[in-house]
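I have placed the structure first, in the form of structure tokens, so that the comments after it can refer back to it.
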Amino acid sequence: QVQFVESGGGLVQPGGSLRLSCAASGSNFRAYVMAWYRQAPGKQREVVASISIVSSTYYADSVKGRFTISRENAKNTVYLQMNNLKPEDTAVYYCKANFQGRTYWGQGTQVTVSS
């Protein structure tokens, strides 16, 4: 069982920045494929970005050029740096790990972009 501690969410004005962190349990973090998802009220959960075990990255079109996903295996942590935030980025953000055919989700952290 993989467990997570997510942090870094909050309220920010349009154009501002936040960095989300997701610290995972276990000794196999290097083998986890990690991703960030988000879910806005009334909408389906959608992938924001992902990072492979060799640090190849994927970004949704809506966040390309603004968000950066990275991982620090020594700290069992994946990050999501979010710049130039927009009101439409408001959502609960979840980290997700895929490992040995199983999927594990974090508890979510709220990001609100509003003036």
Handout entry: Sum of side-chain charges, Gln107 neighbourhood, beta-carbon under 12 Å (Lys, Arg +1; Asp, Glu -1)
Key = 0
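If you roll a 1.4 angstrom probe over the protein chains with everything in place, what fraction of the accessible area of the chain belongs to carbon and sulfur, to the nearest %?
Of the solvent-accessible surface of the chain, carbon and sulfur hold 46 percent.
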Completion exercise
Note, Ala49: beta-carbon cut-off 12 Å, +1 each Lys/Arg, -1 each Asp/Glu, net +3
Handout entry: Over the range 1-68: Kirkwood hydrodynamic radius from C-alpha pairwise inverse distances, Å
Key = 13.8 Å
Fill in the blank from the handout: For the range 105-115, Karplus-derived ³J(HN,Hα) couplings (6.51, -1.76, 1.60; θ = phi - 60°; whole Hz; x for glycine and proline) come out as 10, x, 7, x, 9, 7, 10, 10, 10, 7, 8
Practice task
Calculate, for the chain, the solvent-accessible area per residue in square angstrom, rolling a 1.4 angstrom probe over the heavy atoms of the protein chains.
Solution key: 54 Å²
Fill in the blank from the handout: Note to self: Kirkwood Rh of the chain, Cα pairs, one decimal, Å, is 14.0 Å
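The values are calculated or read from the model by the stated rules, or taken from the named source; none is laboratory data. Worth saying up front: this structure is predicted, and the values here are computed from it rather than measured. In this analysis, Cβ positions are derived from the backbone assuming ideal geometry, glycine residues included, and neighbour counts consider all displayed protein chains. The area values use the complete protein model at the heavy-atom level, side chains included, leaving out ligands, DNA and RNA. Shrake-Rupley method; radii C 1.70, N 1.55, O 1.52, S 1.80 Å.
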